[in-house]
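For reference, the structure I am asking about is given below.
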Amino acid sequence: MTTAMGAALRRIQLGNALSAFGNGFTVPYLYVYVAKVRDLGASTAGVVLAMLAVAALVVLPFTGRAIDRRGPLPVAVVGTFAAAIGALGLGLSDSEPLVIAATVALGAGIAVIQPALATMIVWCSTTVTRSRAFATQFFLNNLGLGIGGLIGGMLVDENDPASFVRLFAIEAAMFLVLGAAVATVRLPKAPRVEGEVPVEARAEGAWRALLADRRMLWLCLLGFVLFFACYGQFESGLAAYATEVTHIAPSTLGIALAANTAAIVMAQFVVLKLVERRRRSRVIATVGVIWTVAWIAAGLSGLVHGAQAVATGLLISTYMLFGVGESLLSPTVSPLVADLAPSRLIGQYNSVFALVKQLALAVGPAVGALMVGHGASAAYIVMLMVCALGISALALRLGRMLTPAQDNPRAVAAPAEVPVRDEVACVA
């Protein structure tokens with residue numbers, strides 16, 4: 001890892017952290033802003049939240065090809081400008097068509113940024129330093145979101161629309177800061193991944209090559225279950241279960257989400273040291289076990305009658321266990337996507353995996369809210385326990401398909417390939 005690439009990665013990570021900080025100002029308050037502050041009603045607010053996912057699903061199939069043809073840097077810059085326009089537009093819009101149009105721009109911009117930044121991180125890291133680079137990105141994202149949400153809560157006033165305009169303006173400014181940060185990064189004009197894991201020849205054509213890659217298809221299936229069983233439930237099924245079955249106060253959900261963020265922030269680098277030299281597939285399988293325990297705790301919280309403190313503690317522990325699992329995923333899943341991809345298709349692989357995530361985030365909330373809303377809370381918990389155990393089974397099956405270098409890069413790397421000084425420079 002050269003000093004130049006380490007400096008480039010630091011700029012990317014800093015810009016990404018500031019962008020997450022700005023995003024944290026508005027994410028918790030988007031529904032309230034549209035439904036109550038702009039007085040557009042709950043239906044419009046629901047459409048706005050759905051359009052974030054729809055916009056991502058529309059642009060992601062084309063994003064990978066653009067990244068691989070034009071490079072990740074210009075694609076990331078375009079995404080930051082689109083997201084900034086959408087964020088500022090949301091703050092200034094007071095009618096349904098304008099709010100929806102701004103939401104589409106915001107959702108499309110964020111969707112484009114994610115695989116572009118992931119590809120830039122791959123280009124600025126080696127196989128053995130990639131896990132730490134992605135773990136750092138995840139840590140800074142959560143830290144930025146948490147701090148932004150906390151400060152945003154202090155600035156916002158439901159009776160003062162101008163306070164929301166300020167929040168969206170801050171978010172737009174942070175997207176522009178991200179764009180400026182990545183625009184200064186100097187990357188090779190062609191894909192050049194240091195320490196790339198050799199892969200066998202594939203069929204010509206980006207989509208044909210990807211669909212012929214059995215390991216990537218299996219990882220996409222695993223990714224769908226991962227995102228469906230965790231992120232897809234946070235703001236819908238699990239929140240509905242907490243308030244309707246466990247009977248906790250809505251304000252306690254904020255404490256639970258804060259506990260999730262705190263678990264990630266405290267565990268990330270401790271966990272990283274424990275998993276860096278272990279097989280990625282087994283680490284992911286461990287996440288399935290942890291999340292199974294999390295869903296058992298959630299189920300028990302709805303069965304504890306007359307002991308609300310115990311029920312609340314169980315539910316908060318569910319969110320904390322999810323955070324521990326997430327900290328295990330950040331240094332394993334994204335680096336694995338990169339190591340499965342040929343250099344010429346890194347953008348395509350990152351975009352397809354991001355598309356799988358968006359599909360899970362679109363389906364997960366709908367299924368969760370529908371089941372809990374119709375009184376099938378027990379079946380809901382059982383379904384997600386099965387999904388969590390399925391994660392372990394899928395991960396272990398994937399591990400049998402991977403080469404040793406793909407499943408555990410550090411174990412097969414020569415000592416000279418793991419320079420401590422360069423690794424620290426990469427993530428500083």
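The values are calculated or read from the model by the stated rules, or taken from the named source; none is laboratory data. The model shown is predicted, which means the values in this text are computed figures rather than measured ones. Cβ placement follows ideal geometry from the backbone for every residue including glycine, while neighbour counts extend to all protein chains displayed. All accessible areas refer to the heavy atoms of the entire protein, side chains included, with ligands and DNA or RNA removed. Shrake-Rupley method; radii C 1.70, N 1.55, O 1.52, S 1.80 Å.
Working carefully through the options 256, 298, 311, 240, find the one that is in contact (Cβ under 8 Å) with a residue 12 or more places away in the chain, touching a Ser or Thr at 6+ places or on another chain (Cβ under 7 Å) and closer than 25 Å to residue 145 by Cβ.
Values: 256 fails: touching a Ser or Thr at 6+ places or on another chain (Cβ under 7 Å); 311 fails: closer than 25 Å to residue 145 by Cβ; 240 fails: touching a Ser or Thr at 6+ places or on another chain (Cβ under 7 Å).
Residue meeting the stated conditions: 298.
If only one of 118, 173 is over 20 Å from residue 336 (Cα atoms), small (Gly, Ala, Ser) and at pLDDT 80 or above, which one is it?
Just a single option satisfies the conditions, and that option is 173.
Let me ask something else. Go through the range 96-122 and count every residue that is surrounded by fewer than 24 Cβ atoms within 10 Å (Cβ to Cβ), within 17 Å of residue 24 (Cα to Cα) and β-branched (Val, Ile, Thr).
The total comes to 1.
Let me ask another. Scan the range 261-291 residue by residue and report those that are of a type in the set (S, T, N, Q), under 16 Å from residue 226 (Cβ atoms) and either touching a strand residue (DSSP E or B) at 6+ places or on another chain (Cβ under 8 Å) or surrounded by fewer than 23 Cβ atoms within 10 Å (Cβ to Cβ) (or both).
The answer is 286, and nothing else.
Which residue is nearest to residue 305 (Cα to Cα), if the candidates are limited to the range 248-260 and must be open to solvent by 70 Å² or more (accessible area, probe 1.4 Å) and touching a helix residue (DSSP H, G or I) at 6+ places or on another chain (Cβ under 7 Å)?
So, considering only residues that are open to solvent by 70 Å² or more (accessible area, probe 1.4 Å) and touching a helix residue (DSSP H, G or I) at 6+ places or on another chain (Cβ under 7 Å), the one nearest to residue 305 (Cα to Cα) is 250.
Related question: Inspect the range 141-157 for any residue being at pLDDT below 85, part of a helix (DSSP H, G or I), open to solvent by 10 Å² or more (accessible area, probe 1.4 Å) and under 16 Å from residue 31 (Cα atoms) and give the result as yes or no.
Yes, the range 141-157 contains at least one residue that is at pLDDT below 85, part of a helix (DSSP H, G or I), open to solvent by 10 Å² or more (accessible area, probe 1.4 Å) and under 16 Å from residue 31 (Cα atoms).
Looking for whichever is under 25 Å from residue 169 (Cβ atoms) and part of a helix (DSSP H, G or I) here; the options are 118, 105. Which one fits?
Just one listed residue meets the conditions, 105.
Can you pull out every residue in the range 212-238 that is closer than 18 Å to residue 299 by Cα and open to solvent by 10 Å² or more (accessible area, probe 1.4 Å)?
Correct list: 228, 231, 234, 235, 236.
Can you report the number of residues in the range 292-326 which are surrounded by fewer than 18 Cβ atoms within 10 Å (Cβ to Cβ) and of a type in the set (S, T, N, Q)?
Count: 1.
State all residues of the range 327-383 that are open to solvent by less than 10 Å² (accessible area, probe 1.4 Å), outside any helix (DSSP H, G or I) and out of contact with any Ser or Thr (no Cβ under 9 Å at 6 or more places or on another chain); if no residue qualifies, say none.
341
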